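Undergrad: Quick one: the structure is below, questions incoming.
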Amino acid sequence: MNYFKLAYTTPDVLEKIKEAEKNGDFNAHIDPIDYSNCQPVDENFPYIPAGMTKLRQALIRTFIISPFMWIVNRFIFRTKIYNDYGNKKKKRNKNNNGIGQQYANINEKIPVQSYVNDSMIKDTSKSKTEKGCIQSSPGMIITCNHINKLDALVVRWALKKSGMLRGRQLKVMVADFNNQKGRLGRYMRAFGILPFSSEHRMIKLFDSAVSHYLNRGDCILVYPEQSEWWGYDRPRPLKRGAFYYAVKNNVPVQPIFITCRDGKGTVSGVRRKYFDVHILERIVPVCNTAKDHEKVQHMMEENSREWQDVYNFNSLFTNVCLMHKPL
């Protein structure tokens, strides 16, 4: 199987996205699901791999997934990474250096670690803010919009470049049908998927694995929009799951938002898309007497606001560039 083909789509899928958008069904699964190619998620699933399974998965990540991720981000998505949007807005107001300068790509002349917000890299074990605080664990929930089957590789690339995965693993919450058979399934399990099953007995195992990784200081990627819409980089309504687990485990949420640039050429009649990854301001759980569902709602609303802000800013920046484009 040519796994690079997973990066692309077909015109009929784009039509389905337009129809779902028109109907307001923003969390609909667009691509058909082939359950015959799925393995059941049961007690034998290696949520916390050990022994030879752990070793095999480490080898797959090192010698197969990492080179594949490098090719995907350098040549297929031409991924660019941008610094913390929240701090950038403050700098723009203070220095008044203009949109273009403040939107500088951290991949170009400035080392990534020196341009990303320091709070994203330092151990957050004792971090406190005016809005809240977090426990001794530096684990995080990572949220990102879901616009490509391979965008988990984009998120992992951005987190590694920013230094946020230094000493940490990245796990990915997925639906149970992502537990595929064959070689693709082995690669996905090695990458770190945590498939969610609605069966009561499996929910306990899933919750236990999530708490294990967060308490250990790892990152868990969640797609709160629920479904993948190819190339759709407008914010969609969020589901509560990511923020529920953040509140339950008293860990921060690190929002990431991916926007698209039109690429060169087409594949299957669809123009290629290049990706800009925006690492946004971290959302810390509030430490007050509010009930858990209120804390979940607060974090979800903050995440939505940050995504909307960067989408609006990116749209403004794109329009400014088009206005000043030479004829």
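The values are calculated or read from the model by the stated rules, or taken from the named source; none is laboratory data. If you're wondering where the values come from, they're calculated on a predicted model, not measured in any experiment. Here the Cβ is made from the backbone with ideal geometry for all residues, glycine too, and neighbour counts use every protein chain on show.
Undergrad: Could you check, for the stretch 257-268, whether at least one of its residues is more than 19 Å from H29 (Cβ to Cβ), in contact with a strand residue (DSSP E or B) (Cβ under 6 Å, 6 or more places away or on another chain) and in a loop (DSSP other than H, G, I, E, B)?
TA: Within the stretch 257-268, none of the residues are more than 19 Å from H29 (Cβ to Cβ), in contact with a strand residue (DSSP E or B) (Cβ under 6 Å, 6 or more places away or on another chain) and in a loop (DSSP other than H, G, I, E, B).
Undergrad: Yes or no: the stretch 233-251 includes at least one residue that is free of Cβ contacts under 8 Å to residues at least 12 places away in the same chain and either surrounded by fewer than 18 Cβ atoms within 10 Å (Cβ to Cβ) or assigned to a strand (DSSP E or B) (or both).
TA: Scanning the stretch 233-251, I find no residue that is free of Cβ contacts under 8 Å to residues at least 12 places away in the same chain and either surrounded by fewer than 18 Cβ atoms within 10 Å (Cβ to Cβ) or assigned to a strand (DSSP E or B) (or both), so the answer is no.
Undergrad: Given the conditions (1) charged (D, E, K, R); (2) part of a loop (DSSP other than H, G, I, E, B); (3) out of contact with any Gly (no Cβ under 8 Å at 6 or more places or on another chain); (4) touching a residue at least 12 places away in the same chain (Cβ under 8 Å), which single one is not true for D25?
TA: (4) is the only condition that D25 fails.
Undergrad: When you check F4 against the structure, is it assigned to a loop (DSSP other than H, G, I, E, B) and either touching a residue at least 24 places away in the same chain (Cβ under 8 Å) or surrounded by fewer than 14 Cβ atoms within 10 Å (Cβ to Cβ) (or both), yes or no?
TA: no
Undergrad: Here's something else I'd like to know. Quick one: what pairs do we get from the stretch 205-223, first residue under 19 Å from L159 (Cα atoms), second assigned to a helix (DSSP H, G or I) and aliphatic (A, V, I, L, M), C-beta under 6 Å, 6+ apart or different chains?
TA: Sorted first by the residue in the stretch 205-223, then by its partner, the pairs are L221/V155; V222/A242.
Undergrad: Would the stretch 272-295 turn up any residue that is within 16 Å of the chain's Cα centre (by Cα), in a helix (DSSP H, G or I) and either farther than 30 Å from I71 by Cβ or at pLDDT 95 or above (or both)?
TA: Within the stretch 272-295, none of the residues are within 16 Å of the chain's Cα centre (by Cα), in a helix (DSSP H, G or I) and either farther than 30 Å from I71 by Cβ or at pLDDT 95 or above (or both).
Undergrad: I would also like to ask the following. Would it be correct to say that V296 is more than 16 Å from K171 (Cα to Cα) and of a type in the set (A, V, I, L, M)?
TA: So V296 fits the description; yes.
Undergrad: Next question. Would you please name the residue that is surrounded by the fewest Cβ atoms within 10 Å (Cβ to Cβ), looking only at residues in the stretch 174-193 that are in a helix (DSSP H, G or I) and small (G, A, S)?
TA: It comes out as G182.
Undergrad: Output the number of the condition that T318 fails; it satisfies all remaining conditions of (1) assigned to a loop (DSSP other than H, G, I, E, B); (2) at pLDDT below 95.
TA: Only one criterion is unmet by T318, namely (1).
Undergrad: Would you point out the residue of the stretch 194-204, among those that are crowded, with 17+ Cβ neighbours inside 10 Å and more than 22 Å from R166 (Cβ to Cβ), that is farthest from the chain's Cα centre (by Cα)?
TA: The qualifying residue farthest from the chain's Cα centre (by Cα) is M202.
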